[in-house]
Amino acid sequence: MQEHKLDAMLLFAPESHFWLTGYDTFGFCFFQRLILMKDGQFVLFTRAPDLR
């Protein structure tokens, strides 16, 4: 991200969420997005039944 001068990255694929955070869910067919900020913080957008 630093090399490409990005402040954040949007990740849509569940395997990317798992690779970066260890977050695994059976809800892969539902709307889930992960925003990864350049400082390492992240925000997960998901449906309430998938929150743990």
Checklist outcome for this item: Per the filter on the range 33-52, residues modelled with pLDDT under 80 and not in a helix (DSSP H, G or I) are THR46, ARG47, LEU51, ARG52
Next on the checklist: The conditions are (1) exposed (fewer than 12 other Cβ atoms within 10 Å of the Cβ); (2) more than 13 Å from the chain's Cα centre (by Cα); (3) assigned to a loop (DSSP other than H, G, I, E, B); (4) modelled with pLDDT under 80, and GLY27 fails exactly one of them. Which is it?
Outcome noted: (1)
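The values are calculated or read from the model by the stated rules, or taken from the named source; none is laboratory data. It should be emphasised that the depicted structure is a prediction, and the values quoted were computed from it without experimental measurement. Methodologically, a virtual Cβ is constructed for each residue, glycine included, from the backbone with ideal geometry; neighbour enumeration extends over all protein chains shown.
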